[in-house]
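Comments concern the structure below.
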Amino acid sequence: MLLELKHIYKNYLQDKIIIPVLKDVSLSIDEGEYVAIMGPSGSGKTTLMNLIGCLDRPSKGEYLLEGKSIVNYTENQLSDLRLNTLGFVFQSFNLLAKQTALENVALPLSYAGVPVKKRKEIAFKALQRVGLADRVHFKPGQLSGGQQQRVAIARALVNNPKIILADEPTGALDSRSGAQVMSLFQKLNEEGVTIVMITHDADIASHAKKVLHILDGEIMEDKEKKQLQEQTAPLTNDWEGEV
């Protein structure tokens with residue numbers, strides 16, 4: 001088992017009031033899986049992703065990564081996991097505007113202490129992997145949204161992480177660019193990369209091999225999924241076309 005959450009709870013304190021966000025969440029992900037965590041806004045999916053990505057800590061419960069409990073890891077240990085075990089892809093790309101594609105991709109390698117020449121070689125290979133070998137010297141402003149997201153994916157891959165965590169990876173893209181990114185994720189998964197993706201979009205979630213549904217901070221059973229689907233379905237306008 002690559003990743004396992006056992007009876008995870010997450011609460012936040014707001015104006016001295018405890019706000020429960022995650023409630024008794026348990027899940028497991030094997031190496032090589034492609035999992036989508038799907039739910040509407042406010043369902044707790046982003047909080048869950050932050051916990052999986054070691055960007056936050058649970059209030060209660062156990063988190064096992066490669067068989068080791070990490071709930072009591074120090075900040076330095078968690079930082080090391082984020083650098084070497086986890087790769088992140090964000091909706092807003094999070095690229096440095098003044099840096100080239102190659103420099104953006106090489107950034108995690110600099111944090112890892114890889115020599116400059118070697119990091120450029122590795123970063124170039126990562127850009128080749130996502131089909132951007134001809135864009136290495138382009139800055140983000142010179143790239144389309146889909147190309148920027150592919151740079152972000154190359155950056156996530158550059159340290160050979162065990163898991164890629166993708167937070168609404170197509171949310172800022174048009175449908176064509178979104179389809180290209182989903183195709184790339186499928187290719188990477190076929191190469192053995194484990195992918196965990198959060199989304200509110202059923203079409204995007206359908207690309208994953210397994211879909212987990214979350215609602216009100218709880219992972220839902222099959223019998224409850226109809227309720228979630230009703231909440232995430234697009235709203236229709238009965239007066240469409242009328243003035």
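The values are calculated or read from the model by the stated rules, or taken from the named source; none is laboratory data. What you see is a predicted model; the values in this text were computed from it and never measured. Glycine also receives a Cβ, built like all others from the backbone with ideal geometry; neighbour counts cover every protein chain displayed. Only protein heavy atoms, including side chains, enter the accessible area calculation; ligands, DNA and RNA are left aside. Shrake-Rupley method; radii C 1.70, N 1.55, O 1.52, S 1.80 Å.
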**Request:** Please verify whether region 151-173 includes one or more residues that are open to solvent by 50 Å² or more (accessible area, probe 1.4 Å) and part of a helix (DSSP H, G or I).
**Result:** no
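Being in a loop (DSSP other than H, G, I, E, B) and aromatic (Phe, Trp, Tyr) is the filter; apply it to region 50-93 and report the residue that is farthest from Val196 (Cα to Cα). It would help to see each step written out before you state the result.
Step one: filter region 50-93 for residues in a loop (DSSP other than H, G, I, E, B), giving 53-59, 66-67, 70-74, 85, 90-93.
Filter once more, keeping what is aromatic (Phe, Trp, Tyr): 73, 90, 93.
Values: Tyr73: 22, Phe90: 12, Phe93: 17 Å.
Ranking the qualifying residues of region 50-93, first place goes to Tyr73.
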**Asked** Could we say that Leu215 is touching a strand residue (DSSP E or B) at 6+ places or on another chain (Cβ under 9 Å), surrounded by 16 or more Cβ atoms within 10 Å (Cβ to Cβ) and at pLDDT below 95 here?
**Response** no
**Answer from Leu95, Leu55, Leu51, Leu83 - the residue that is closer than 27 Å to Phe185 by Cβ, open to solvent by 60 Å² or more (accessible area, probe 1.4 Å) and not polar (S, T, N, Q)** = Leu55
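Counting only residues that are hydrophobic (A, V, I, L, M, F, W, C), touching a strand residue (DSSP E or B) at 6+ places or on another chain (Cβ under 6 Å) and modelled with pLDDT under 95, how many does region 4-20 have? Break it down into steps so the answer makes sense when it comes.
So in region 4-20, the residues hydrophobic (A, V, I, L, M, F, W, C) come out as 5, 8, 13, 17-19.
Next cut, touching a strand residue (DSSP E or B) at 6+ places or on another chain (Cβ under 6 Å) only: 5, 8, 18-19.
If we keep only those that are modelled with pLDDT under 95 too, we end up with 18-19.
Final tally of qualifying residues: 2.
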**Fill in**
Val105 fails exactly one of (1) more than 24 Å from the chain's Cα centre (by Cα); (2) open to solvent by less than 40 Å² (accessible area, probe 1.4 Å), namely (1)
**Complete:** Taking region 87-102 and keeping residues in contact with a helix residue (DSSP H, G or I) (Cβ under 8 Å, 6 or more places away or on another chain) and either among the acidic types (Asp, Glu) or closer than 18 Å to Leu165 by Cα (or both) leaves Gly87, Phe88, Val89, Phe90, Phe93, Asn94, Leu95
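Taking Ile198, is it in contact (Cβ under 8 Å) with a residue 12 or more places away in the chain, closer than 27 Å to Arg129 by Cβ and assigned to a strand (DSSP E or B)?
Details: in contact (Cβ under 8 Å) with a residue 12 or more places away in the chain: yes; closer than 27 Å to Arg129 by Cβ: yes; assigned to a strand (DSSP E or B): yes.
For Ile198, the condition - in contact (Cβ under 8 Å) with a residue 12 or more places away in the chain, closer than 27 Å to Arg129 by Cβ and assigned to a strand (DSSP E or B) - is met.
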